[in-house]
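Worksheet: the structure to be examined is printed underneath.
The values are calculated or read from the model by the stated rules, or taken from the named source; none is laboratory data. Fair warning: this is a prediction, and the values are worked out from it, not measured in the lab. FYI the Cβ positions are ideal-geometry reconstructions off the backbone, even for glycines, and counts take in every protein chain you see.
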């Protein structure tokens, strides 16, 4: 399966720039996800690869073959790119059977009757629906419709598979099951896959690598662990998973440990840092809820940072409890297996468990709410 290379991609609709210098390479057989909130440009990027949109400028090659080169005024038509695509709506013909839906792309490619029969059987067998070939889309469940759409994208052996939010119409339980099935299938086929989603859980569980996009810009590319554990910006940290943010002022840095005085709390915390910052500069500290430990006020358990806080809220969510703790004017979100914490407690974390960003870069409450809705 070929590599996909996108270079210097720009796209404007009138005076509005929706893609700004997008660059990435997808390795052979890789599951690569474009992740971001609604309107960030991820679907437009996918559509440029598919040939459904023409970029204003830039270049796209697949397997070393140029598909787009604005400098040379090259734009290979969609039907000549041999790419399989599954849309959010599935786009199945409602008046055709499952088998007839799969015939369409083969008929366009002028496949023989024998080849059509063999390829359709193989594709439906791959997705586990060979026994439903005579049914119509309305006779199928949402998960089955999604598999038919995937079979149709695979039936002509595409070089690359493009998936635009294919699981978003499924309920939560079926979406979780479909994620696991889709990942197994992609690994089994070894097909290079480009996946678009606003769902962080999908991106983390499915991907070999993730590209996070905001407002037409590619902010960070990395493995799921890199994106989650070492987000490049506070915006990435806020979008991918839950995160607590604190603004403060850098007092000093010694031995790779930054000493930060938090605003509105009076506390000085230690955070591991490689940033070249001067004392007095504004900074932002970020830390995941699961990286925080909570102990009773009398517990002597140590850590780089031990802060006195007060329990405001406690919610039971099955395998754990979620707490809201008052720290100055901040409410800190914490996850704990203990369900008996109340009143005065201690918040404990190590310097290596927190992240430090230059500037007062905490995403606004409105922005975080939009990110939560998008995800």
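Miscellaneous remarks
- Hey, residue 186 at negative phi, touching a residue at least 12 places away in the same chain (Cβ under 8 Å), crowded, with 23+ Cβ neighbours inside 10 Å and touching a strand residue (DSSP E or B) at 6+ places or on another chain (Cβ under 8 Å) or not: no
- Among the residues of this structure, residue 127 counts as one that is within 30 Å of residue 240 (Cβ to Cβ), crowded, with 18+ Cβ neighbours inside 10 Å and more than 18 Å from the chain's Cα centre (by Cα).
- Failed condition for residue 346, given (1) part of a loop (DSSP other than H, G, I, E, B); (2) over 15 Å from residue 247 (Cβ atoms): (1)
- Qualifying residue in the range 249-257 (condition: part of a loop (DSSP other than H, G, I, E, B) and either exposed (fewer than 15 other Cβ atoms within 10 Å of the Cβ) or touching a helix residue (DSSP H, G or I) at 6+ places or on another chain (Cβ under 7 Å) (or both)): yes
- Which listed residue, of 188, 251, 202, 229, is more than 27 Å from residue 146 (Cα to Cα) and not assigned by the TED database to the domain that holds residue 306: 229
- Of all the numbered requirements in (1) out of contact with any strand residue (DSSP E or B) (no Cβ under 8 Å at 6 or more places or on another chain); (2) surrounded by fewer than 16 Cβ atoms within 10 Å (Cβ to Cβ), residue 168 misses one, and that requirement is (1).
- The residues in the range 10-40 that are surrounded by 23 or more Cβ atoms within 10 Å (Cβ to Cβ) and more than 19 Å from residue 193 (Cα to Cα) can be counted, and the count is 2.
- Looking at the range 42-118, the strands (runs of 3 or more DSSP E) lying wholly inside it that each contain 1 or more residues that are free of Cβ contacts under 8 Å to residues at least 60 places away in the same chain, touching a strand residue (DSSP E or B) at 6+ places or on another chain (Cβ under 7 Å) and assigned by the TED database to the domain that holds residue 21 sit at 57-62, 65-69.
- In the range 122-138, the residues that are closer than 25 Å to residue 180 by Cβ and part of a helix (DSSP H, G or I): 122, 123, 124, 125, 126, 130, 131, 132, 137
- Evaluating residue 220 against the criteria (1) part of a strand (DSSP E or B); (2) in contact with a helix residue (DSSP H, G or I) (Cβ under 7 Å, 6 or more places away or on another chain); (3) under 30 Å from residue 98 (Cβ atoms) leaves one unmet condition, (3).
- Restricted to strands (runs of 3 or more DSSP E) entirely inside the range 264-334, those with at least 3 residues that are out of contact with any helix residue (DSSP H, G or I) (no Cβ under 8 Å at 6 or more places or on another chain) and buried (at least 17 other Cβ atoms within 10 Å of the Cβ) are 293-296, 305-316, 321-327.
- Residue 25 vs. criteria in contact (Cβ under 8 Å) with a residue 60 or more places away in the chain, in the same structural domain as residue 191 (by the TED database), under 14 Å from residue 6 (Cα atoms) and in contact with a strand residue (DSSP E or B) (Cβ under 8 Å, 6 or more places away or on another chain): no
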